[in-house]
Amino acid sequence: MKISKKDALMWFEFFAQLPEEEGIGNRQQEIVYAVFAQIERAVEKRRKQMMAEIPHLKNLQNRTYFVGKEENFPRGCRSCLLGTGLSAIRKTNRCNIQCPFCYNYGELDAIPPIGEGMWEIGGTKFYEEDLNLLLSIYDKPTGISYVYLEPFMEIEKYYGVIKKFHEAGIHQHLYTNGLLATEESLKKLGESGLDELRFNLGASNCADKVIENMKIARKYISYVGIETPMTPSFFQTFLKKKDQILSTGFDYINCAELHLNPNNLENYLGENMYIARQGYLSPIWSRDLTLQFMKMADEENWPIVVHDCSNHTKFARDLNLKAKEGGWFGASSYGCEFTRTPFEAFLPVLRDPDFQFVEEEELPYGYRPGDIVL
């Protein structure tokens with residue numbers, strides 16, 4: 001069903017007015033999926049044109065796209081997309097800042113603690129002394145990552161665990177906004193065996209202090225990168241400080257396509273949105289900025305890898321993980337993070353006169369206003 005933009009707007013305005021507790025029937029759900037497909041089809045058509053304009057765009061085994069030397073592609077991402085997945089280790093339930101794109105926006109003071117002296121690995125709580133038991137039973141993962149808010153809030157607790165996994169030969173990377181890092185702590189992370197440190201440079205809006213910490217980190221840690229959601233503010237500030245940032249000698253930037261959940265959606269209402277494969281909901285401009293960024297990096301021959309960490313990439317990631325876990329053919333944990341479709345989020349793109357569907361057709365009987373829709 002290639003629903004017209006006019007009919008799509010009419011139906012979504014109706015759905016947006018329904019009480020939250022009121023569900024919709026199967027035919028109405030068909031209309032919802034048809035609208036999603038029409039928006040996504042139009043978005044992807046333009047993106048294919050943008051990608052065709054990147055001279056040396058590369059593909060990593062059909063998983064993701066990047067520009068730059070393949071040997072410099074981030075090891076943690078390679079583990080995520082080609083290896084046995086990426087085991088997330090959680091420890092710190094606090095953060096020193098609040099970013100509008102944060103998946104925990106508005107609830108940072110209500111994040112439950114992991115527990116004194118404990119670490120969450122694979123959904124299970126461990127003490128540091130339990131790691132020998134864990135490593136003796138499970139096959140070693142190709143990589144692990146330290147996630148869950150800002151680890152530099154209590155970075156001194158991380159050194160022993162990092163050393164233990166380093167001795168086991170497991171690749172490790174850690175995420176930070178970089179504001180609390182010091183030369184001493186960065187040196188200790190390197191001495192403990194951390195392989196990659198990833199700075200969310202968008203969290204500080206490319207603060208000079210964080211850029212300097214990237215430069216310091218490069219002295220002690222094998223691979224230093226940037227991983228940040230692509231937003232207009234980050235894009236603009238990065239370009240203003242491009243030479244300063246590139247001079248730090250970092251290795252790569254993962255341009256994450258911003259996807260939204262019930263916590264952070266309200267911060268971006270009014271922007272043109274689309275939903276990828278009925279899963280992640282994103283502002284259309286996020287991946288568009290990534291492709292512009294990659295084209296610039298390619299044409300100017302930046303000495304780094306620029307990775308398109310898109311919704312497509314995250315879909316591939318979850319397929320790879322389930323396959324490595326022995327899941328059934330096609331199994332994936334990728335899916336929509338909203339229990340109820342936020343219809344109001346799609347009204348701006350449906351009202352945008354500059355956004356056009358690729359092909360339209362009349363609604364069949366049973367799907368038009370006045371028809372009985374069951």
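The values are calculated or read from the model by the stated rules, or taken from the named source; none is laboratory data. This one's a predicted model, so the numbers in the text were calculated from it and none came from an experiment. Note: ideal-geometry Cβ built from the backbone for every residue, glycine included; neighbour counts use all protein chains shown. Heads up: the accessible areas ignore ligands, DNA and RNA and are worked out on the full protein's heavy atoms, side chains in. Shrake-Rupley method; radii C 1.70, N 1.55, O 1.52, S 1.80 Å.
Here are some notes:
- Within the range 111-195, GluC sites (Glu not before Pro) in DSSP loop having at most 14 other beta-carbon neighbours inside 10 Å: GLU116, GLU154
- Å² of accessible area per residue within the range 170-255, as computed with a 1.4 Å probe and no ligands counted: 35
- Translational D in µm²/s for the chain (Stokes-Einstein at 37 °C, 0.692 mPa s, Kirkwood Rh from C-alpha pairs): 147
- Across the chain, the longest run free of exposed loop sites, meaning chymotrypsin sites (Phe, Trp or Tyr not before Pro) lying outside DSSP classes H, G, I, E and B with no more than 16 other Cβ atoms within 10 Å, spans 139-327.
- Cα-based Rg of the range 205-346 normalised by 2.2 N^0.38 Å, two decimals: 1.19
- The range 169-278: projected area of the alpha-carbon convex hull, averaged over directions, in nm²: 8.6
- Gap separating the Cα centres of the range 291-342 and the range 193-212, nearest whole Å: 22
- Under the combined filter of DSSP loop state and at most 10 neighbouring Cβ atoms within 10 Å, the range 1-96 retains these GluC sites (Glu not before Pro): GLU20, GLU21, GLU22.
- Dipole check for the chain: with +1 at the C-beta of Lys and Arg, -1 at the C-beta of Asp and Glu, and the Cα centre as origin, the magnitude is about 900 Debye.
- When a 1.4 Å probe is rolled over the protein heavy atoms, the share of accessible surface on the range 144-206 that falls to carbon and sulfur comes to 47 percent.
- Here the Kirkwood formula puts the hydrodynamic radius of the range 27-125 at 18.3 Å, using every distinct Cα pair.
- Taking trypsin sites (Lys or Arg not before Pro) across the range 296-350, the ones in a DSSP loop with at most 15 further Cβ atoms lying within 10 angstrom of their Cβ are ARG340.
- For the range 258-374, the share of accessible area belonging to carbon and sulfur comes to 50 percent (1.4 Å probe, ligands and nucleic acids excluded).
- Where both bridge residues fall in the chain, DSSP classifies roughly 40% of the beta bridges as antiparallel.
- Per residue, in Å², the accessible surface of the range 1-40 once ligands and nucleic acids are set aside, probe 1.4 Å: 51
- Across LYS157/LYS188; LYS215/LYS314; LYS140/LYS219; LYS91/LYS187, pairs whose alpha-carbon gap is larger than 18 Å: LYS215/LYS314; LYS140/LYS219; LYS91/LYS187
- Computed over protein heavy atoms with a 1.4 Å probe, the accessible surface of the range 282-374 works out to 51 Å² per residue.
- Most fluctuating residue given options ILE162, ILE144, ILE114, as computed from a GNM of the chain linking Cα atoms under 10 Å: ILE114
- The range 1-100, accessible surface, carbon-and-sulfur percent (1.4 angstrom probe): 46
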